[in-house]
Structure formats: C-alpha cells, structure tokens
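To start, the structure under review is shown below, and the notes come after it.
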Amino acid sequence: MEGLVFDIAHLLAGSLVLVSFMMLYQDRLYSLLNVFAFHAVVLSLSVAWQAYIQDAPHLYVTAVIALIFKAIIIPLSLHRIIARLGIHREIETVVGVGPTMLAGMGLVALSLVVMLRATAEADPLAREDLAFALSVLLLGLLMMVTRRNAVSQVVGFMSLENGLILAAAGAKGMPLVVEISVAFSVLIAFIVIGIFLFRIRERFDTVDVQTLDRFRGEKR
Amino acid sequence: MPTINALLFCVAALLATSMIAVALIRWKGATQLTYGATLLLTATAAALAAGRLFGDAATPLTVTLPLGLPWLGALFRLDALSAFFLLVINLGAAAASLYGLGYGRHEHAPHRVLPFFPAFLAGMNLVILADDAFCFLLSWEFMSLASWALVMAHHRIDDNARAGYVYIIMASFGTMALLLAFGLLAGPDGDYAFAAMREAAPAPWLAALVLILALLGAGSKAGLVPLHAWLPLAHPAAPSHVSALMSGVMTKVAIYGFIRITFDLLGTPAWWWGVIVLIIGGVTAVLGVLYALMQNDLKRILAYSTIENIGFIFVGLGLALAFAANNMAGAAALALTAALFHVFNHTLFKSLLFFGAGAVLTATGERDMEKLGGLIHRMPMTALFVLVGCVAISALPPFNGFVSEWLTLQAILLSLGLPQWGLKIAVPAIGGLLALAATLAAACFVRLYGIAFLGRPRSAVAANATDVDLWSRASMGVFAALCLVAGILPGFVIDGLAPVTQYMVGAHMPAQASVPWLSIVPIAESRSSYNGILVFIFITFSALLAVAVIHRLASRAVRRAPAWDCGFPDASPALQYTASGFGQPLRRVFGAMIFHAREEVEMPPPGDTSPARLQVSLRDVIWDALYAPLANLVLFLAGHLNRLQFLTIRRYLGLVFFSLVSLLVVLALWP
Amino acid sequence: MISALLPGLLIQGAQMLVVLLLSPLLTGFVRKVKARLLRRQGPPLLQHYRDLLRLLRKEAVVAENASWLFRATPYMIFAATWVAAALVPTFATGLLFSWSADLIAIIALLGSARFFLALAGMDVGTSFGGIGSSREVMIASLAEPAMIMIVFILALIAGSTQLSTVAAFMQTPAVGLRVSLGMALFALLMVAIAENARIPVDNPATHLELTMVHEAMVLEYSGRHLAVLELAASLKLLLYLSLIACVFVPWGLAPAGAGWATHILGGAAYVGKLFFGGFMLAVFETSIAKMRVFRVPDFLGAGLMLGLLGTLLLFVSRSL
C-alpha cells in the first residue's frame, strides 16, 4: 500500500512535468490553452491526492480552486479574448521548439540534481515532489522567456504558479496553502487581463482587430 | 632475446630503413624495398606484441639504453597496455605497408614519402615503448614531425600548405601541453622516469591540472572538439596509406598517451574527471559526425568520422574514470574494455576505408563525391571491402563496430550504482548522444557509399575506372575479414584485453572464451548477452533459406529493363540525388542551429531561361568562435611587435641589458 | 543434453513459424479495419497472402544498371528482420536463443536492415530512390536514439536488456506505477509509427506522393524481390507490436518450462494483443492526417525528449 501511495503521487507529479513539456511543444494558441487546462487538471488531481495521503481536507479546497479557476475559467476567458481580439493563432517563438525542449531537459536535470542533493534526508515523497515542482517552475519561466506572444507568456506564468502550488501541497503542514492559492489565482486573473489589454494597447494604441491584422500583414 | 629487445630492434631497423630509403631514393625499386621492409618489420613487431599480450602480459619488461638524459638514460618498458597498443599500431602499419606496395607506385614524388614513412612508424612505436618523460616527448615530437613531412608531401596542392601550417602549430601546442603535464608530474625534484611518477601521489589540484593538460595535449593529437580543426585538413592531405596511418593509428597513440597519464601515472582519479571527459567525448562524437555529413570530399568525410570515433572512445574512458573513482572496478573494467575494443575496431575499419578512398583516388583521380558514382560495377572488389568497412563503422551487427558500441551501452547501464547525482544523470544523457552519433554515422556512410559506389557514374573518369592492384585489394581484404572476425568472435578480443584492464583499473571482465556458444556476457546472462557468431549464422542461414525456397518453388526469372522511376524517362545521370542533396534533410534538422546553415534560392525572372541557383552556406562555429579570434590576436601582436625589427643597435643592446637586469632582480627576490 | 534443449528448440521453431505466418494476416487486418472505418468494403483478410504469392511467382524486372547489392538486399533485409522478430518473446519467454541478442542487438539488427534498404534505394540511380533514402536516414537519425533511450528506461528499471528478463520483471509487483514507464510507452509508440512508415510519418498505401519515404526506396523492386520486402515490412510491424505487448502487457506469456496448456493460452493471449494493437493502429491512422516531412523531426524529437525525460525521472522514483 505504501508503495502504491508513493507511486500515484509520483505518477501525477511526473505527469505535471510532462504536460509542461507538452506546452513547450505546442505551436497553436488554442491547443496551448487546452494543454494548459489539462495542466491544471493534473495539478488539482495531484493536490487532491496529497490531501488524501496527508489527510488534510483544506488541500481539497486548493484542488477545487485550481480546477475551477485554472482548468475552466481562465482558459475559457482566454479563448474568448483571443477570439475577440482576433490574435494570430500561431505561437511565435524566439528559439525553435527543439532547442527549447533540449534546454527544458537540461533544466529538469538541474533541478533534480539540486533538489535531490539539498534534501538528502527528507521524506522521499516530499523530496520528489519538490524536485518536480522546481522543474515545473523552471519550465514555466523558460516558456515565458522563449515566447513572444503575450498569451503564451501569461500561460507560462500560470504554469510556473502551478509549480509553486505543487511544492506547497507536497510539504506537510503548510497551513496557508488555501489562502495562497486563492490570492494567486485572483492575482493571475488580474495579470491576465492587465498584461493583455495593456500590452496590446501599448503596441497598437487600440484593440481594434483590423489594425492588428493590417500590421501583421505588413510585417509578413 | 626478451620481447622488448626484439621490439626495439625492430624500431632500430625501421630507422635504418629510413636511412636506406634516403640513400637509394633515385633507384627504381626503392618503393618496393621500403614498403617491403616496413611490412616485414611491423608484422614482426605486431606478432611479438600479440605474443606478449596473450602470453605473460602481467609482468612488465624494462630496458635502459645509454641515450637521452645523461643521468637517467633512455628507459623503455613493455607492459600489458603498451603491448596492446603496439599490436594495434603495428597491425595498422603492416596493412598500410602492404597497401603502399601497390599504391606507392602511383606516387609522383616518392622521395617526399619514402624516407619519412618508416621514420613515422618508428616514432609511433617509440612513444608506446618509452618509460620516461624525456623519451616520450622526444618520440612524440619525432612522430609529429615525420607525419608533418608526410602531410606536406604534395605541398604544391593549394590547401595542403595551409593544412601543414595549421597542423604544425597544433602539434607544437599539444607537445607543449604534454611537456607542462610531465613537468608537473615530475615535481620539483625533476625525476622524469615514469616509475617515479607512479610512486608520487600528486596533490588533488595538481592532478586536476595535469588531467586538463593531458586532455589538451593528447586531445589535440586525437582530434577532440574544439581542438580538432587541424585533423580534417591534415589527414586527407597526406597520401592515402599515410592518411590511414594518421587517422587509424596515430590518433591511437594520442589515446595511449591519455590513458598512460590519467590511469597509470596520475594515481586515483576524482569523480568529476569522468564528467569532463564524458561531456567532451559525447560532444566530440556528435559534432564530428555532423561535420562529416556536411562534406563532399571522400577523405575529409573519413577524417571527420575519425573525430566522431575518438569521441566515442573518450566516452568509454570517461566512464572508466568515473567508475574507477568510485571503486567500481568491475564496471570500470567493462568501460575500459569497450573503449579499447573500439580503439582496435577503429584502426581496422578506418584504415580499410582510407585504403578504399585511396583506391578510388587511384582509379579516378577524384575525391569529390559529386563526380563519382557506379563504382560497384567498375571496382567490384574494392566496393565489397568498402561496404564491409561502412557497415562496421556504422555499428551494425554482425560486424565489430557494433560490439564495442554494445559494450559501451552496457557500461552506461551500470551508472545507477554511481553515488554522485551529477554522474547518475549525465551518463544516460551521454548515452543518448552516443546513440545519436551512431545513427548519424550510419546516415553518413549510407551517403558515402550510396553516392560514390552506387547509382550511375557522374563523370567520365568514374565511368572508365578499373579496379586497383592486387596489393591494395589484399590489404583491404585482410582488414575487411578482420572486421567480420572481430565482430563474430568478440570474446577472444575481450580476453586479450583482460590483462590491460587488470593492470589499469585492477579488474577484468569475466573470461569470455569459455562461455558456451561463444557468447559475450559482460556481467550475467540474465542481464545481457550477445552472440555475434549465432546472429551471423542465423542471418546467413535464413537469407539462404529464403533464396533456396523462392528459387525452387516460386520463380527465378529475371528480366533486365530500363529503370522504372515512376514512369519518368530518366536519361541523364545528373538527375540522380547528389551528395549535398542527400544531406539536405539532416542539414535542415541539425545544421541550422549548429552550422548556421542557410539555403538561398535564386530564381530567374519569368521568361528568363537562365538556370535557378541554390546556394548553401555553412559556417564552422568553432572556427569562428575560437580560432579566428586567436589568429587575429596573433596577427595584432605580430603587427605591433614588428616595430622591434627596426630599432637601432643601441636599443637592442638596451633590451638585452634590461632583460638581464630584470632576471637578476627576480632571482634576488626569489625566496 | 539434447532432451534438455528440446523444449526451448521447439518453442523457438514454433515462434519463427508463427511470426512468419501471422505477419501478413496482421497487415491484412489493419488494412481491412482501415477500410471499414472509411465505410469501404476493403480487401479480404487473406488478400495480403494472395498478393505475396502472386508476386513470388512473377518474374523479377531489374533495372539495367542495378548491381548485385540491389538483388541481394531484399533477402538480407528479410533475414535480419526475421531473426529479430524471432527473438522477441511473443507467446512464451523460454526461447532457446533469446540470449543470442538482447534488445539493443535486436534494434541494431533492424538498423542493419534499414542501412541496406537505404543503399538499395540509391543503387539504380533514380531521383525517387535518393529522396526515399535521404529521408529515411533523417527519420532514423532521431528514431533510433529515441529507441535507445526507451531501452535505457526499461533496462534501468528491470536491471537487464534481455527481453525475457524484462518481460518476467514486468509481471512482478516490483514494477509499480511509474511515470517513466508511461513515457517509455508513448515514446515507443511514436518510434513504432515512424519505423513502420505509418501515418502521420509516412503513408504505406501510396505510391504517387512526393512525401513518400519507404515506398520510394522500394520503387524499383518487382516480383519476388518486392514480395520478400513486403513480407519483411509486415514482420517489422509484427515485431514492434510484439515488443510493445511483451514489455507493457506481458500477461499471458508462458514462462520457461511451462506446460502445453499454458503455451496454448499464451498463444491465444498473443493473438488477442496483436489484433487489439492492429485495431488501435488502424483507428489512429484514420483519425489523423499525414504531416509534412519537415514536421517529422519535431514529432520524433518529442519522442526522443520523452525517452530522455523518462530516464531522468527514473532517478526520483521509488526504488532507484
């Protein structure tokens, strides 16, 4: 039983890293949003499993918040924003997909080495959780660095935050997890809207769809 | 007579051959005489070394000659490691001599080759036999200079002069690094005998410094990235049998130097040495083969592929270092065996392939693949042997290249036992790099063989080629056969390496010759095993069975007809795939990032009948980032120092005076 | 001595026959399912056998400047693929010669087959053959490292590269749920699709597309040579399905020294797994579009990354 408990936690946390990589691989905005929603689902499953093992009911709340906000509301609203603003659906990358994935692999290796060395005496469950959380966090940062598009940067930021929640949920006796997660989610909602409208206004002085398209057309 | 004396006698005879070649240079038979003599001498030396390796290899033989440093003499030693490398070197040298018997007749400037060839062989043998730093460095430099002279044999060809220039600079750099390494090893007392260095245990930082210097010195000779720049220029420039020697044999001398210093003289390794060597080896392997895929010159492809194989060997050595540092002697023995097995294999197939390139050069006068094609019809024997070489170097069963790759992968799978996290994670990643390098090598040799030997001739010279002389074919045939034998009976090679690994890391792989069915079993049969001979028999048997059944029961009728090609009446051989065209997908996948590969298409305007042009530009990133700035710096300094040539005599005297005074001041202040 | 070896020898011989006889059926089954999914009637299940027999009886038309290599290659490819397929446990693990080549060697045997196929594509000197070969080596240059990473994952978990040992280990509870194994499975599926020239990497059913890879290499072949190559392709598909079955769903495999009933049960389980795999392949192929050739490196690169990531994540799992 002990083995199975660990295995499922490991499976879910590992899948979160994998889904982070899937986000790096996407080249369409809509599919990126879908993968991000999946990321949030995996996160909420992982947090719920932590709640079950640690017997900590407040973590269930975190899981539900993650599910509702990040897997449903934010992706849906981003979908609508993209549709309304008529943004190009292709993701512009600074570096190609291959090198980015390679760099991501290096980051995962780095975070594993650092975390496993730093936490040699810790409980194996918390240990691997922390290692995975650091990987997810770094991958989110990598995504923000290597993507030009504002939407994908926001998604990168939110996946980074998912890593933080994973870390908080893995560490036993973290009382403020619920509050932190609520606060973060609200913050992110603001950032999403804020960055978005702000940046687009800043660039084009308008959110007019036609202007955006004409500008793009000239650039091509 | 003890074996070592006989070997030294062989070396002396090689030097004498060199003198005789100088004396008889105008005589018609000089070519046959020289190559005949070197063949005889190196074959004897190889037999002596093999006898030692499979006989009493555990006890080293030593001899001291009253030469060299007056207080030390010239020390020579024959232990298991040197016996193995002597065997490899003299085997390659004997085949090159055999090849030279035929190939040398086409040489238009024999006086530029013959005297240096035996001297080069003698130099390589002496490096392996040397047992003190002075002797080692002297022979090393002798070997470098002799090979430089051979590279410059055809100095009137434009690129060769540049190749020789780059080579001599890099060779001097390497020797300097080794000189410093030995200086540090000898310590303040300056005892240059290897025996004394073995006894002394250098401080950790000192040992690390020596490791770096050994990597620079031996690595520049072997062609480790980023010190490889000279290799693809110099190796192809020499006559083909010398190219085979430089690529197949001289790089092994460099590897010997590295093993001797790090495993033997330097004492217990630290774990991170392994990481450095592993990473450099893995990067070298992948970059070397990627460079090879971008080339169109037969011999240059082979030279770049040498870099790849050197990287492969260094990965094995890095693994052995990592295991040895953690007292995992059995695993270290497996990794070292894999590396040394690949040393042996690479000598076989790279010499074979260079012989093949030389045969193509003799038959057509072309090294450019875009002008070859269809040689399998004109040169059937050469084509068969080169095919064996290509399959072997691509690490495909049942040939020998696969066995060493397999052993390396088995060693990589033991990395779980390593305690350091960095190593645990780095080693499988390096394994991925090796697998990438191996498949890219297969792509590279499909390209080489498919363009040069298959298809239809792309030029008149390729259409009228005839197969080469018997000597050349014999030397290729012998090595092709050895590639197969070492591939299907690897157990005997592994057993031959047992005394070497026993001496270097204190353990050896389990004896393989007694395993039933002649399988090779590195650790335990439930873990992994491979049986080359059974795989070979199965494939041959099933292929013959299929042929027999189909021919007997179904149909054996054959009709020759024009090629189908989807109904396209394809008249001109120029419509075949070219070498650059074949490499295009891989260039697009890997080259865009690493070589800044750019393709530009120039289309004529509508109505214009001029042809469209496709231009591909590649940049050597390492050359741009490392060598070009260095060269610019040297030029800059030289430009400024140039003024010193135009001073008055008084100022020159002043310079000498001031340097003398400053030296005296330094002496006065020295504690 | 002989009586001790006899059961192993029998199983080995039975396996060689089974894979040889079953592989055209599998190919025919996949074609049939694909046709039914497209609301077509499709060829009969046994059509592929008839095609092969018909091809075998026809005379071989060989291009004028084809060399001996062109004529020898089909047999070499067939032999290498057959030997490899005979060494993957299908219905029983007690193969007499399973130790003569471990998983790495089996992959390398397939690599040999591909090497010669790519050479044969270039032998006649046509433009299509060259296209096929050059793309094939590009695909292989990413698929084979990915495969090696999968081997690393399996070998590090099971402590062996021997397929029978791996299969036996996978049946024990020591395996557990591991994210690395899931990644290995996905990567293996991607590699299998690329290696067998299936959609979305290549299209096995077309001859007249510029994107074809495998079909371009065998374009000049006809008669018995083509039949042997087609059989080898079917064998390779069967091999990959057997490999996936034996590593990831090893249940039903008869262990060494088991009785007749267990072996027959193992055979039934094997046929079931095979046809389930074939069905899934057909569903997958009909539901996805062929991708551009230069998207393939991204696809296979993702497979390679999965393999690498799986290896990395092994180090934070339970028992390693």
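For this structure, a couple of remarks:
- Residue satisfying all of: in the range A:9-55; free of Cβ contacts under 8 Å to residues at least 12 places away in the same chain and buried (at least 19 other Cβ atoms within 10 Å of the Cβ); farthest from A:Val97 (Cα to Cα) among these: A:Leu11
- Selection over the range C:150-186 of residues that are surrounded by fewer than 22 Cβ atoms within 10 Å (Cβ to Cβ) and of a type in the set (Phe, Trp, Tyr) gives a count of 2.
- Beta carbons closer than 7 Å, at least 6 apart along the sequence or on distinct chains, pair a first residue in the range B:586-600 that is at pLDDT 85 or above with a second that is of a type in the set (S, T, N, Q) for B:Leu586/C:Ser141; B:Glu600/B:Gln615.
- Per-region count, the range B:603-624, residues polar (S, T, N, Q) and within 34 Å of the chain's Cα centre (by Cα): 2
- Highlighted here are the helices (runs of 4 or more DSSP H) found entirely within the range B:572-671 that include at least 3 residues which are of a type in the set (Phe, Trp, Tyr): B:649-669.
- Which listed residue, of B:Thr59, B:Thr38, B:Thr44, B:Thr17, is outside any strand (DSSP E or B) and touching a Gly at 6+ places or on another chain (Cβ under 9 Å): B:Thr38
- Unique residue being at the interface with chain B (Cβ under 9 Å from one of its Cβ atoms) and surrounded by 24 or more Cβ atoms within 10 Å (Cβ to Cβ) when the list is C:Ser127, C:Ser100, C:Ser67, C:Ser134: C:Ser134
- Residues that are surrounded by fewer than 21 Cβ atoms within 10 Å (Cβ to Cβ) and more than 8 Å from every other protein chain (Cβ to nearest Cβ) within the range A:103-122 comprise A:Ala103, A:Gly106, A:Leu107, A:Leu110, A:Val114, A:Ala118, A:Thr119, A:Ala120, A:Glu121, A:Ala122, listed in sequence order.
- Of the criteria (1) surrounded by fewer than 20 Cβ atoms within 10 Å (Cβ to Cβ); (2) among the β-branched types (Val, Ile, Thr); (3) more than 13 Å from chain C (Cβ to nearest Cβ), which one B:Val468 fails: (1)
Yes/no matrix, rows are residues, columns are (1) out of contact with any Asp or Glu (no Cβ under 8 Å at 6 or more places or on another chain); (2) under 24 Å from C:Ala184 (Cβ atoms); (3) among the polar types (S, T, N, Q):
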{"position": "C:Arg71", "(1), (2), (3)": "yes, no, no"}
{"position": "C:Tyr75", "(1), (2), (3)": "yes, no, no"}
{"position": "C:Ala79", "(1), (2), (3)": "yes, no, no"}
{"position": "C:Trp82", "(1), (2), (3)": "yes, no, no"}
{"position": "C:Ala86", "(1), (2), (3)": "yes, yes, no"}
{"position": "C:Thr90", "(1), (2), (3)": "yes, yes, yes"}
{"position": "C:Trp99", "(1), (2), (3)": "no, yes, no"}
{"position": "C:Phe128", "(1), (2), (3)": "no, no, no"}
{"position": "C:Ala143", "(1), (2), (3)": "no, yes, no"}
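- Looking across the range B:35-92 at every residue that is among the aromatic types (Phe, Trp, Tyr) and surrounded by 17 or more Cβ atoms within 10 Å (Cβ to Cβ), the one that is farthest from B:Met124 (Cα to Cα) is identified as B:Tyr35.
- Residues satisfying the stated conditions in the range A:4-26, i.e. closer than 14 Å to A:Gly156 by Cα and either among the aromatic types (Phe, Trp, Tyr) or assigned to a loop (DSSP other than H, G, I, E, B) (or both): A:Phe21, A:Tyr25, A:Gln26
- B:Arg527 meets the stated requirement of being within 8 Å of chain C (Cβ to nearest Cβ) and in a loop (DSSP other than H, G, I, E, B).
- Some residue of the range B:153-174 being under 30 Å from B:Phe9 (Cβ atoms), surrounded by fewer than 24 Cβ atoms within 10 Å (Cβ to Cβ) and of a type in the set (Asp, Glu): no
- Of all residues making up the range B:129-143, the number that are touching a strand residue (DSSP E or B) at 6+ places or on another chain (Cβ under 9 Å), part of a helix (DSSP H, G or I) and touching a residue at least 40 places away in the same chain (Cβ under 8 Å): 8
- Considering the range B:556-575, and only residues there that are buried (at least 17 other Cβ atoms within 10 Å of the Cβ) and closer than 23 Å to C:Ala60 by Cα, the residue that is modelled with the highest pLDDT turns out to be B:Ala563.
- Residue, farthest from A:Tyr25 (Cα to Cα), within the range C:266-301, restricted to residues that are of a type in the set (Val, Ile, Thr) and away from chain B (no Cβ under 14 Å): C:Val271
- Taken together, B:Ala511, B:Ala481, B:Ala474, B:Ala561 contain a single residue that is under 26 Å from B:Gly248 (Cα atoms) and without any contact (Cβ under 8 Å) to a residue 24 or more places away in the chain, which is B:Ala481.
- Listed by position, the helices (runs of 4 or more DSSP H) enclosed by the range C:184-297 that each have at least 2 residues that are of a type in the set (Phe, Trp, Tyr) and under 28 Å from B:Ser542 (Cα atoms) are C:260-286.
- Hits in the range B:12-38 - residues which are out of contact with any Pro (no Cβ under 8 Å at 6 or more places or on another chain) and polar (S, T, N, Q): B:Gln32
- Those residues of the range C:158-186 which are more than 7 Å from every other protein chain (Cβ to nearest Cβ), under 24 Å from the mean Cα position of the chain (by Cα) and under 26 Å from A:Asp129 (Cβ atoms), in sequence order: C:Ala158, C:Ser180, C:Leu181, C:Gly182, C:Ala184, C:Leu185, C:Phe186
- Pairs where the first residue, in the range B:427-446, is more than 7 Å from every other protein chain (Cβ to nearest Cβ) and crowded, with 24+ Cβ neighbours inside 10 Å and the second is hydrophobic (A, V, I, L, M, F, W, C) and not in a helix (DSSP H, G or I), C-beta under 6 Å, 6+ apart: B:Ala438/B:Ala395
- The set of residues from the range C:55-64 being touching a helix residue (DSSP H, G or I) at 6+ places or on another chain (Cβ under 9 Å) and facing chain B (nearest Cβ under 7 Å) comprises C:Leu56, C:Arg57, C:Lys58, C:Glu59, C:Ala60, C:Val61, C:Val62, C:Ala63.
- Just one of the listed residues (B:Leu209, B:Leu216, B:Leu178) is buried (at least 23 other Cβ atoms within 10 Å of the Cβ), in contact (Cβ under 8 Å) with a residue 12 or more places away in the chain and either touching a helix residue (DSSP H, G or I) at 6+ places or on another chain (Cβ under 6 Å) or under 22 Å from B:Leu317 (Cβ atoms) (or both), and it is B:Leu178.
The values are calculated or read from the model by the stated rules, or taken from the named source; none is laboratory data. None of these values were measured; they are calculated from a predicted model. Heads up, the Cβs are rebuilt from the backbone with ideal geometry, glycines too, and the neighbour counts pull from every protein chain shown.
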